[in-house]
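Here, each number is a calculation from the coordinates, and none is a lab measurement. The model shown is predicted, which means the values in this text are computed figures rather than measured ones. Heads up, the Cβs are rebuilt from the backbone with ideal geometry, glycines too, and the neighbour counts pull from every protein chain shown.
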Amino acid sequence: MLVDTHIHYLPETIRAVYRRRQEPPMIIPWEKGEALSYGGGHVEPIGPEEGQWERLFEALDTVGTDVALVSINQPGVLGLPVNDGDAVARDANDELLALAASSGGRVVGMATLPWLKPEAAAAELERTAGLGMRGAMVHSNLCGEAVDAPRFAPVLETAAAVHAPLLLHPTLPLSAPHLNDYKGLLAAVGYLFDTTTAATRLLLSGVPVRLPDLGVVLAHSASLLPALAGRLDEEWRRGGLALPAGVDGPPSELLRFLYSDTAGGSVTAVAACMALLGVDRVMFGSDYPFWTAEAAGAVFAGLPLSEEEREMVAGETAVALFGLSPAEVAETA
């Protein structure tokens, strides 16, 4: 069984809102359909809306994916007027829920949340969990605010209470003004700066101690943490890094709180992620449509795994973490 834990879809509900906007986030015409302007000079082609659902299934078939945990493209409703975000998020989630219901169990939705209204975000997370969604996306910064800011604690607490894992995914990075001189650098490098910072702050803020049942999936093969784990430990040893109360250290032990995916771009990156977090904390992910299903399948096939380990990464860990029921996977596997 193969479960894709990192795959995106942009509901027509959100496309329509973006099309009406005159400032980012907004949709603009593109040579082969449309592009999403995120702000900060970053523009990403998203292709035509027509046939989007069918192309997603073609990608699943390419690598033999049985179940896809589909999240709504970043930035979701971030950047929209705060008072509009909860209604747009609800409509987008309902659209994805309806599409998932039509998929014969092959697609399971993940929610987009109005994070800038934490009470509304917590309520929407609870509502969508009750309707069959399995988690939600949280962005690497929330319009410049840190995810670990105290005002977002109710959303994290709700996610833990309803067993809704959070996919910690990049959005327009805070370093964007320094990256746009070179085409592609923002997505290739800046995104990872942002998710690494967000994940490290969550860990150092004490989330693993306060909310041990919260599932946090750090996208893109643990981002930059495989390269930085040793630096965190050395800074702690020399007294330059404080750990949350109740944690003796070293900081690298906190990293086992996280899950991640195989959307790292290479066998080397994914292997480093597995060495850091453990094979049992890493799940298959393609990052479609931004990366190709073929590339994701090639990386997964190239990983030096035992048969038991390959089954964990392919689907067993995802089934356990996301609480996928036998009914959701039996007919597709």
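Under a plain spin-label model, where a point goes 7 Å from the Cα along Cα-to-Cβ, how far apart in nm are VAL82 and ARG127?
About 1.9 nm, to one decimal.
Which distance in Å, rounded to a whole number, links the C-alpha centroids of segment 83-125 and segment 269-302?
Distance between centres, Cα-based: 26 Å.
Starting from 0.36 nm per residue, how many nanometres of slack lie between ILE28 and GLU253 once their C-alpha separation is accounted for?
Extra length available between ILE28 and GLU253 comes to 76.5 nm.
Once label points are set 7 Å from the Cα along Cα→Cβ at both ALA245 and HIS178, what is their separation, rounded to one decimal in nm?
Placing both labels 7 Å along Cα→Cβ, they lie 3.4 nm apart.
If you take the square roots of the eigenvalues of the alpha-carbon gyration tensor of segment 136-234 and sort them as a ≥ b ≥ c, do you get rounded (a/c under 1.5), prolate (a/b over b/c) or oblate?
prolate
What shape does segment 236-333 take by its C-alpha gyration tensor, where a ≥ b ≥ c are the square roots of the eigenvalues and a/c under 1.5 counts as rounded, a/b above b/c as prolate, and the rest as oblate?
prolate
How much length would be gained if the chain were fully extended between GLU12 and GLU145, taking 0.36 nm per residue of separation minus their Cα-Cα distance, in nm to one decimal?
45.1 nm
Between SER102 and ALA320, what length comes free when the chain is fully extended (0.36 nm per residue of separation minus the Cα-Cα distance, one decimal in nm)?
76.1 nm
Hey, can you list the DSSP H helices of the chain whose Cα span along the axis is 24 Å or longer and whose average Kyte-Doolittle score is at least -1.0?
Those that pass (Cα extent of 24 Å or more, hydropathy at least -1.0) are 82-101.
Determine the shape class of the chain: with a ≥ b ≥ c the square roots of the Cα gyration tensor eigenvalues, call it rounded for a/c under 1.5, and otherwise prolate if a/b is greater than b/c, oblate otherwise.
It is rounded, given that a/c, with a ≥ b ≥ c, falls under 1.5.
Nearest 0.05, what FRET efficiency do VAL43 and GLU294 give at R0 = 35 Å with Cβ-Cβ as r?
On the way: r = 24 Å, r/R0 = 0.70.
Given R0 = 35 Å and the Cβ-Cβ separation, E is 0.90.
Quote the FRET efficiency, to the nearest 0.05, computed for HIS163 versus ASP61 with a Förster distance R0 of 30 Å and r equal to the Cβ-Cβ distance.
0.50
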